[in-house]
Every structure is written in structure tokens, then in C-alpha cells.
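One structure follows; several queries about it will come next.
Here, each number is a calculation from the coordinates, and none is a lab measurement. Values in this document were obtained by computation on a predicted structure and should not be read as measured data. FYI the Cβ positions are ideal-geometry reconstructions off the backbone, even for glycines, and counts take in every protein chain you see.
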Amino acid sequence: MMQTRLSALIKKELLAAFRDPKARLALILPPLLQLFLFAYAATLEVSNVPVGVLNQDWGMASEQLISRFERASAFSEIRRYQGLRAAQAAIDRQEVMCVVHIAQDFSRKLAAGEQPTVEILLDGRRSNSAQLVNGYIGAIISQFGSDYHLGSDVPQASEIVDRTWYNPNRDYREAMVPILIATLPMAMVLMIVGMSVARERELGTFEQLLVSPLQPFEIVIGKAVPGLIVGLAQAAVISLIVTQGFQIRLSGSLFVLFLGLTVFLVAVIGIGLFISSLVSSQQQAMMGIMVVMMPAMMLSGFSSPVQNMPSWLQPLAMANPLTHILVIIRGLFLRDMPFWLVAERIWPMAVSAVVTISAAAWMFTRKMQ
Amino acid sequence: MSATRPGRWRRIRALIIKETLQVVRDPSSFVVAFVLPALLLFLFGFGISFDATRVKVGLVIEEPTPETTWFLASLANTPFFDVRQSSDRRAFIDDLAAGRINGIIVLAGDFAERLARGDTAAIQVITDGSDPNTAGLVSGYVQGAWQSWRDQRALGSANVAPGQIAVNSRFWFNPELESRRFLVPGSISLIEMMIGSLLTALVVSREWERGTIEALLSTPVGIIEFIIGKVVSNFALGMCAMGICVLAALFVFNIPLRGSIFTLLGFTAIFLSVALSLGLLISTVARTQFLASQMAMLVAFLPGLYFSGFLFEIASMPAPLRAFAAIVPSKYYVQGLQTIFLAGDIGAVLLPASVVLAAMSLLLFALTARNTKQRLD
């Protein structure tokens, strides 16, 4: 008896979410757009930027150094400036992000075995990109210096051997795109679950639901299961696109990934139900979802690492289920994270799931009385 | 014409009062006008940071000698590293896999021996590529620490090793390299975009949805007056939000304002007019509030987030996306904001940006006027 009641409710919820063509569009179009934007626009890496050069040296060595910048893939072209003032004006105008200033004694000092100095002027208005450019240029100059004296019999005293594990080319797409397996279903599930009760409220059918034989926990399950089905289905489709379309290899176990996703989505559903139990119209539900989703996204390590946040914000990040699922997804896709490390991230999500679902159930029980 | 003018101004004033009351009373407008801006400013000011000031690294010293202790000290003395030490690299491999540390630096057992013998001693750096940005910063920091350690060693011994070039980097406008200084102006652009377009689209589409627009237009209120009423109240709201954002930027987040406040407000007024006309245009296309808010998110908010250049690097995107970024108004506004806040009133940046924004605003406004007329006929 209870089973037929529940399955009828689940079927009704799934129909309600997808029957309206406008609502269907609103559920399907944004994820597709985000997938596209993420794959091609979400990059912090710096490439294809012009680099400015102010060369006051007349020797050969400085021209050899500049030709190395020309060959570097990060830079699109070399723009030469005649004086310090022109170079400064170019940075002010944001014509170039950096100017490499080679002083007039560069070649002489280098030939004499002394230590010449190269000054790099950078635009701190975009300090993250400027730091990356600074790193590239520093590495090129340092390599140039050691190559220049390769002929001499005194070897370099020490050198840096730089290795990148898990994602050897430091490719942004490999690091960013798998994350969508969690963030896009999260957005969709929040919309479906968050709107569902609000819609019933607006249409006045919620009272009918309350006077039906359904118990509060049955209503919760009936609203939760469709969200879980849709969320997991979307996660599966995106996983396919990520692994087949973008050719990003899942190095860990698929089963563990979906175990984590299931716990994560249950926690998200709890949040959605809770929002839904507070609001009285779809408009309000949408505002509520936005107010919850933005911090959830930004305080999760999604766009910048959690460890950079101030310490008073860290507990909030730890309570956020998205933080943990992102660690799991990055770990399983790129690092082949062992199961016991994944488990460390699953239980905090399980705790949030239990807390949010019971809070929502409690709100519904209160409404019944 | 002159006879109707006093009446017209009275009508417009009444409309503005009505609009303002409507925004203040409706909870969802209140959320868009006050809660979301505060949240965005807070998140970008505190939550997002690219400043890996204390990257966690594991330093593996396979055989401790005075040389390796010296190297450890030069790492620990910079504010950039949180160093843990071990004699075996296996101790750190699980930590790296779990994301608990950002990198491993290995000084092999023969490090001191090779240094003493005059062979090249390798310093191996292993970074976690699953966070490419932090990986890049870790390499950069290690490179810097290594250079200063090498320079100090060279000072100690008589001869400079050949081929060493000292690199002296100067970051203008933001020598402390705080990412907050470009993220907060960027988030102001998102806030202004949201108030300008999302709020305008919502309040105008509500009039269409409820049919009150027909009721309003059957009164002496003309379509132009109706639009002016909507625009003026939202414009005032946007400027108020701007004032609050500027105060928060200056006094909560300690961001310098190197340009003048008048330039900032004038430039913001131009951008706000673009955002408002975009919102009006959306409201004439979308018939319902739900659709209007979805469209505003897709047309105004997402491009403002991805293609304004404050979070993601436009130059690194593929060519079609770079071309698209050129028509995103937020891109010009962010450029101007970062300049006014961090660099000063630089005409070479601000004038072209203002001209482009003003042109966009005129175009969008003309489109709106045409669409509105068509819908009423």
C-alpha cells in the first residue's frame, strides 16, 4: 500500500518537473551552456599574451634572450619600447601585462662572468596572471643563463627539476571539467526539489497532499527520490561526456565515484527541501536557491582553493558538501585516490545529508499540525 | 507641449515613488537589490582568493647536512611556505594524493656531496597538477626561494657561478599581490549588472505578467514616462548599491582608491545605463518573471562572470570566445574599475571604455523602444 502511494507520488513529481516546456528548457539549457563555458572559457592559465621588452643593451646576448621570449608559447608577440616612460605608459594602458627591462650592461656582464640584472615590470591590477607570467619569464631567463654558459667548463651548482604529477601539462580543462559532474546536478536537483513544494503551495495543492494518507516522511521521500534519480542520471550523462567527449580519464573507481555522488546528492536534496519548506512562491524559492547556491559554489574550492580562505571561513567550507565531493572527484579522476581517503570525505557529507533531511522532515511535520 | 509639461513631471515623480515602494516592499526585489549584492561582495572579498600565501609543501631531505639545513631555512624564512620535513618521500605521497599538501621538494641523498664536488645538484619539485593554478604558484615560489639561496651561497664563496642572471620583479599597483584587490572591483561589476538587468527585467516583466502595464498605459502615462519611471528608480538603487560597495571596498577590504571618486561614479553611471537598457530589453522579450530571471542570468550574469576578465583570462580563450568577450559590457567596466581603484584616472583606458559602453547603451535602448512599441500595437 505504502509502496504504491510512494511510487505514484514519485511519478507525479517527475512529470511535474519535466512537463512544462519552458521549465524543461530552464533545466536543460543552463547545464549545457555551463559545460561549454567550462571547457573553453574557465581558464586561469596565461597564454597568447603580448610581452613588452625594453632593451637598452647593444650586445648579442640580449637579442638571443628576446628571441627566446618570441618562441615561448605563452606569448603572442614581442612589443618593443624605447624608453622607460613609454614602457610604463604601455602597462598603464593595459597594452601589455609586463615589460622585461634589460639594462645596458647586460651582455658585458654576462660575458665577463658577472651577474647581470634583468628587471621585470608587471601589471598588478591582475596579480594572479602577472605572477604566472613572472614565473614563465623567470624560468626562461634562468634557462637562458645556464645555456649561455654551457660551453664553459664550470657546471651549474644546482638546478630545479620541476615535475607535475597527476596532470603533467597542468591542463585547466582536465582539472575543471570533471567538477561539473557534481556542480551541474547540484544546480538541477536544487531547482527541481526546491521548486516542487513551492509550486504546490502556489497552486494550493500542498494542502491536498497534507490531507492525503501520506505521512510526512513519505512526502519527503516522494519529493527526494525524483531529485536523486534525475541528479544521478545527469551525473552519468556528464561523466560520459567528460570521459568520452573530452577524453579525460577516470583513474579511480567508477563505483566509488557514484557512491560519493549519491551521498552528496542526498545532502543537496535535503538543502533543497529545507528551502522549499520555508518559501511560499516559486519566485521566492528561486531567490532562496540562488542565495544558497552562490556561497555553496564559491566556498567549496571550486574556483579557488579552500586553504586560501581565512580560517574563520574554513568551518563553513567543511560543512559544505560540495567541498568534499570536489576533493573526491579531483582525486578519483586525476590522482587515483585510495578508498580510505575517499571515505574520509564521504562521512562529512553523510552527516550533512542526515541533518538537512531530518530538518526538512521536521518542517513538514510541523506544517501538518 | 509646454502646457503638458508640469503634468508630465508630476506623473513621472509619482511613478518613481511607486517603483521605489514596489522594490522596497517585494521580498524578491529586496533579495536582488540588497541580499545578493552583499553576499557577492562578501564571497569575493573573503571566500575567493588566489593568494596561496602559505602553500603546504613536504620537504624531503634524504641526508641532512649543513647545506640542506641552509636550504630548509631559506624556504621557511619566506612567508610563502608551510614546510613539513621528512627523510623519506613516501611519507608525503598519500598527503599529496589526498590534497593535504600542494607539493613535495626533494633533496636527494647526494645533494651536499654533489654541491661540494662541483657537480650539478638537483632540487626536485613535485607539484599537484589537479590544481594547476596553485601548482604554478608553488613552482614560482620554489624558483624564487632557490634563486635567493643560490645568490646567498654565491656571496659566501668567492666566485659567482657563471650564467646566473638576477631577476628583479616589480608588481605595480598591487605590490602585495593580493588577489582581493582585483576580485572586489570585479564583484562590483557583477553586482551592478545584477541590479541593473535582473532587477529591471523582473519589475518590468511583472507588469506585463499581471497585465498592470495595460492599466497604466490607459492612464495619461505615456510609454516613455513609464520607462523613465522604471529606469530612474533602478538607477538610483544601483548608485546606492555602488556607494555601499565603494565604502565596503575602502574600509572593509582596504582596497585603495587611486583615481577620483567622481570618475568612479561617472563611469559607473554609464555602465549602469547599459545594464538597465539590457534589463529593459529582456523584459520586453520575456513575458513572465520566471523567464525574465532565467534570461537575465544567461545574458547578463554568466557573461559578466566568465567574459569580464576579472576571474578568467580572456587572452587564453579560443578566438570565437575572445570575439564574444569584446561585446560583453562588463569587460569594459571591469577594466575601468580595476584602473580607477588600483592605478588612477588613466584616460587612455577610461575614455575608449566609456565610449564603447555609451554606444552599447544607446543601441540597447533603441532596440527596447522599438520592441515596446511593437508589443503595444
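Taking the Cα centre of chain B as origin, sum charge times position over the Cβ atoms of Lys and Arg (+1) and Asp and Glu (-1), and report the length of that vector in debye to the nearest 20. Don't skip to the end; give the middle numbers.
Working: 30 positive and 26 negative charges, 374 e Å.
Around 1800 debye, computed over chain B.
Related question: Kindly express, to the nearest 10 degrees and within the range 0 to 90, the angle between helix A:254-278's C-alpha long axis and the longest C-alpha principal axis of chain A.
Once rounded, one gets 60 degrees.
Also: Looking at the stretch A:53-120, which GluC sites (Glu not before Pro) are in a loop (DSSP not H, G, I, E or B) and have at most 13 other Cβ atoms within 10 Å? Before the final figure, lay out the partial values.
On the way: sites: A:Glu63, A:Glu70, A:Glu77, A:Glu95, A:Glu114, A:Glu119; in loops: A:Glu95, A:Glu114.
Listed in order of number, the matching sites are A:Glu114.
Taking a 19 Å limit on the Cα-Cα distance, which of the listed pairs A:Lys223/A:Lys367; A:Lys12/A:Lys367; B:Lys18/B:Lys230 fall beyond it?
Among A:Lys223/A:Lys367; A:Lys12/A:Lys367; B:Lys18/B:Lys230, the Cα-Cα distance tops 19 Å for A:Lys12/A:Lys367.
Report, in degrees rounded to the nearest 10, the 0 to 90 angle that the Cα long axis of helix B:66-76 makes with the longest principal axis of chain B.
10 degrees
Most exposed first by the Cβ proxy, i.e. fewest other Cβ within 10 Å, how do B:Tyr333, A:Tyr166 rank?
Arranged by neighbour count, lowest to highest, B:Tyr333, A:Tyr166 become A:Tyr166, B:Tyr333.
Gaussian network model of chain A, Cα springs within a sub-10 Å range: biggest mean-square fluctuation belongs to which of A:Gln247, A:Gln215, A:Gln64?
A:Gln64
With a 10 Å cut-off between alpha carbons and a GNM built on chain B, which of B:Phe42, B:Phe262, B:Phe341 moves the most?
Highest fluctuation among the options: B:Phe262.
Further, regarding this structure: Enumerate the aspartates and glutamates that A:Lys109 could reach by cross-link, defined here as Cα to Cα under 13 Å, with residues fewer than 8 away along the same chain left out.
Partners within reach: A:Asp57.
Taking only Cα atoms, what is the 0 to 90° angle, nearest 10, from helix B:5-25's long axis to the longest principal axis of chain B?
Value to nearest ten degrees: 50.
Per residue of B:116-125, what is the mean number of Cβ atoms on other protein chains within 10 angstrom of that residue's Cβ?
Average neighbour count from other chains, rounded to a whole number: 4.
Within 10 Å of each candidate Cβ there may be at most 16 other Cβ atoms; applying that plus a DSSP loop requirement, which chymotrypsin sites (Phe, Trp or Tyr not before Pro) in the stretch A:56-121 survive?
Details: sites: A:Trp58, A:Phe69, A:Phe75, A:Tyr81, A:Phe106; in loops: A:Trp58, A:Tyr81.
Of the chymotrypsin sites (Phe, Trp or Tyr not before Pro), the ones in loops of the stretch A:56-121 whose Cβ has at most 16 other Cβ atoms within 10 Å are A:Trp58.
Here's another thing I want to ask about it. Filter the GluC sites (Glu not before Pro) in the stretch B:54-136 to those in DSSP coil with at most 15 other Cβ atoms within 10 Å of their Cβ, and list the result.
B:Glu62
So how strong a dipole does chain A carry about its Cα centre when Lys and Arg Cβ are +1 and Asp and Glu Cβ are -1, to the nearest 20 debye? Write out the running numbers ahead of the final one.
Values: 28 positive and 25 negative charges, 296 e Å.
Dipole size: approximately 1420 debye.
Under 10 Å, Cα contacts only: if you run a Gaussian network model on chain A, which one of A:Arg19, A:Arg249, A:Arg345 comes out with the highest mean-square fluctuation?
A:Arg19
Let me ask something else about it. Between the stretch A:329-360 and the stretch B:328-377, how far is it from one alpha carbon centroid to the other, in angstrom?
45 Å
Treating only the Cβ of Lys, Arg, Asp and Glu as charged (+1, +1, -1, -1), what charge dipole size does the protein assembly as shown show about its Cα centre? Round to the nearest 20 debye. Don't skip to the answer; put the middle values down first.
Values: 58 positive and 51 negative charges, 600 e Å.
Taking the Cα centre of the protein assembly as shown as origin, the dipole is about 2880 debye.
Hey, another quick one. Among DSSP beta bridges whose residues both lie in chain A, state the antiparallel percentage, nearest 5. Don't jump to the answer; show the numbers that get you there.
Details: 5 of 13 bridges.
Bridges in chain A are about 40 percent antiparallel.
Another one. If you rank A:Thr4, B:Thr20 by fewest surrounding Cβ atoms within 10 Å, what's the result? It would help to have the intermediate numbers written out before the result.
Working: A:Thr4 8, B:Thr20 16.
The most exposed by this proxy come first: A:Thr4, B:Thr20.
Out of B:Phe92, B:Ala76, B:Ala121, whose Cα points farthest toward the positive end of the dipole of the stretch B:55-156 (charges: +1 Lys, Arg; -1 Asp, Glu; placed on Cβ)?
Among B:Phe92, B:Ala76, B:Ala121, the one farthest towards the positive end of the dipole of the stretch B:55-156 is B:Ala76.
Counting pairs of alpha carbon atoms under 8 Å apart in space and at least six apart in sequence, what relative contact order in percent does chain B give? Display every interim value, and only then the final one.
Working: 464 pairs, mean separation 70.3, N = 377.
This gives 19 percent for chain B.
For chain A, what does -39500 (n - 2.57) per DSSP helix run (n ≥ 4), summed and divided by total residues, give at 222 nm, in deg cm²/dmol to the nearest 500? Don't skip to the end; give the middle numbers.
On the way: 15 runs with 236 residues, N = 369.
It lands at -21000 deg cm²/dmol.
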